[in-house]
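> Got a structure for you, written out below as structure tokens; questions coming shortly.
The values are calculated or read from the model by the stated rules, or taken from the named source; none is laboratory data. Bear in mind the structure is a predicted one, so any value in this text is a computation, not a measurement. Positions of Cβ are backbone-derived with ideal geometry, glycine not excepted, and every protein chain shown enters the neighbour counts. Remember, those area values only see protein heavy atoms, side chains included, never the ligands or the DNA or RNA. Shrake-Rupley method; radii C 1.70, N 1.55, O 1.52, S 1.80 Å.
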Amino acid sequence: MNDHIEVLILNQNDYREHDVMFRALSKEYGALTFIAAGARKMTSKNAGSILPYTKAEIHFDYKEGKRMFRMKTASTRNLYRKLHEDLNLSACASFASETAMAMHNESEETAIEEYEMLETVYDALNTGRQPVTVLALYISDMMKLFGIGADVDECVICGNTTVHAVSAKEGGFLCADCAERLSVPFKTPNELKRFRILVKGSLKHLEMIEKAGGASLADLEILADMLKLHAGIELRSFAFLKRIFALKADT
Ligand SMILES: [Zn+2]
């Protein structure tokens with residue numbers, strides 16, 4: 001009833017002739033879908049306030065049990081300007097928003113944490129932090145939140161504490177014998193150490209983890225693969241992100 005909530009806008013789609021449909025993450029109710037009537041008309045006062053990857057205040061009537069609502073009005077609380085000006089950062093924000101939507105389980109129990117993590121991601125990307133490190137820590141934090149974190153304390157198969165490889169399929173580190181048997185390529189001690197820091201660390205330690213070398217695209221790919229193999233969550237925007245960062249690495 002006449003509710004005002006702060007949301008992070010995850011996406012936006014055209015809906016009917018003049019309307020817009022968008023998903024948004026809130027602390028109070030988790031992810032909700034809104035219809036913004038008339039938002040595609042030139043005269044719309046709300047259109048500029050419901051852009052993806054922004055923080056907005058939404059005015060609507062909440063009803064328990066419903067997940068879709070008609071938005072009354074919206075106003076921008078944080079535009080995260082760089083996420084709209086820089087194509088690479090837009091792709092990163094899109095990937096983070098897709099992750100937020102794909103991993104969200106409609107439960108309100110974890111809503112505050114999910115909101116705060118994504119807010120940290122938008123903010124960190126907007127203020128020039130290492131994008132790949134931000135995204136890797138975000139996935140890692142979300143995996144821990146939902147109890148599907150990787151095992152990086154020992155070989156996941158035999159428990160040997162001397163490890164040489166990481167396998168998305170097995171869900172963590174492997175010793176030399178197990179890695180050879182499964183044809184998983186070895187990684188350097190430095191690469192393993194970095195991956196362990198990503199899994200054990202959190203967005204809260206972003207600065208420290210950046211200083212320790214941050215994440216590589218390969219690290220992010222292993223985490224995305226783990227989501228796909230162990231939670232059935234395929235992040236479609238990762239392919240595009242990979243192309244962008246591969247191109248950047250070439251230049
Ligand atoms: Zn082993």
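> Please verify whether Met226 is in the same structural domain as Ala136 (by TED's automatic domain parsing), aliphatic (A, V, I, L, M) and exposed (fewer than 15 other Cβ atoms within 10 Å of the Cβ), treating the condition exactly as stated.
On the way: in the same structural domain as Ala136 (by TED's automatic domain parsing): yes; aliphatic (A, V, I, L, M): yes; exposed (fewer than 15 other Cβ atoms within 10 Å of the Cβ): no.
When the stated conditions are applied, Met226 does not pass them.
> For the range 125-159: of the residues being away from the ligand (no atom under 16 Å from the Cβ) and among the charged types (D, E, K, R), which is least open to solvent (accessible area, probe 1.4 Å)? First the steps, then the outcome.
In the first step, residues of the range 125-159 are kept if they are away from the ligand (no atom under 16 Å from the Cβ); the result is 125-149.
Filter once more, keeping what is among the charged types (D, E, K, R): 129, 141, 144.
Values: Arg129: 67, Asp141: 17, Lys144: 84 Å².
Residue satisfying both the conditions and the ranking: Asp141.
> Let me ask something else about it. Please verify whether Ile233 is open to solvent by less than 50 Å² (accessible area, probe 1.4 Å), in contact (Cβ under 8 Å) with a residue 40 or more places away in the chain and assigned to a loop (DSSP other than H, G, I, E, B), treating the condition exactly as stated.
Details: open to solvent by less than 50 Å² (accessible area, probe 1.4 Å): yes; in contact (Cβ under 8 Å) with a residue 40 or more places away in the chain: yes; assigned to a loop (DSSP other than H, G, I, E, B): yes.
Taking the combined requirement at face value, the residue satisfies it.
> So, Asp86, is that one farther than 22 Å from Leu227 by Cβ, of a type in the set (Asp, Glu) and touching a residue at least 24 places away in the same chain (Cβ under 8 Å) or not? Spell out how you get there, then give the answer.
Values: farther than 22 Å from Leu227 by Cβ: yes; of a type in the set (Asp, Glu): yes; touching a residue at least 24 places away in the same chain (Cβ under 8 Å): no.
It is false that Asp86 is farther than 22 Å from Leu227 by Cβ, of a type in the set (Asp, Glu) and touching a residue at least 24 places away in the same chain (Cβ under 8 Å).
> Is it the case that Tyr29 is in contact (Cβ under 8 Å) with a residue 60 or more places away in the chain, within 22 Å of Leu145 (Cβ to Cβ) and out of contact with any Leu (no Cβ under 9 Å at 6 or more places or on another chain)?
yes
> Right, another one. Can you tell me which residue within the range 162-178, out of those that are within 10 Å of the ligand (Cβ to nearest atom) and in a strand (DSSP E or B), is surrounded by the most Cβ atoms within 10 Å (Cβ to Cβ)? If you could, list the steps in order and put the result at the bottom.
At the first step, the residues of the range 162-178 found to be within 10 Å of the ligand (Cβ to nearest atom) are 162-165, 170, 173-178.
The next check asks that each one be in a strand (DSSP E or B); those that pass are 165, 173-174.
Details: Ala165: 22, Phe173: 28, Leu174: 26.
Applying the filter and picking the extreme gives Phe173.
> Given Arg194, Arg243, which one is basic (Lys, Arg), away from the ligand (no atom under 16 Å from the Cβ) and touching a residue at least 12 places away in the same chain (Cβ under 8 Å)?
Working: Arg243 fails: touching a residue at least 12 places away in the same chain (Cβ under 8 Å).
None of the others qualify; the one that does is Arg194.
Residue-wise test of (1) in contact with a helix residue (DSSP H, G or I) (Cβ under 6 Å, 6 or more places away or on another chain); (2) in the same structural domain as Leu235 (by TED's automatic domain parsing); (3) within 22 Å of Met143 (Cβ to Cβ); (4) open to solvent by 70 Å² or more (accessible area, probe 1.4 Å).
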{"site": "Lys41", "(1), (2), (3), (4)": "no, no, no, yes"}
{"site": "Ser49", "(1), (2), (3), (4)": "no, no, no, no"}
{"site": "Thr54", "(1), (2), (3), (4)": "no, no, no, no"}
{"site": "Phe60", "(1), (2), (3), (4)": "no, no, no, no"}
{"site": "Lys63", "(1), (2), (3), (4)": "no, no, no, yes"}
{"site": "Ala91", "(1), (2), (3), (4)": "yes, yes, yes, no"}
{"site": "Ala96", "(1), (2), (3), (4)": "yes, yes, yes, no"}
{"site": "Met103", "(1), (2), (3), (4)": "yes, yes, yes, no"}
{"site": "Glu106", "(1), (2), (3), (4)": "no, yes, yes, yes"}
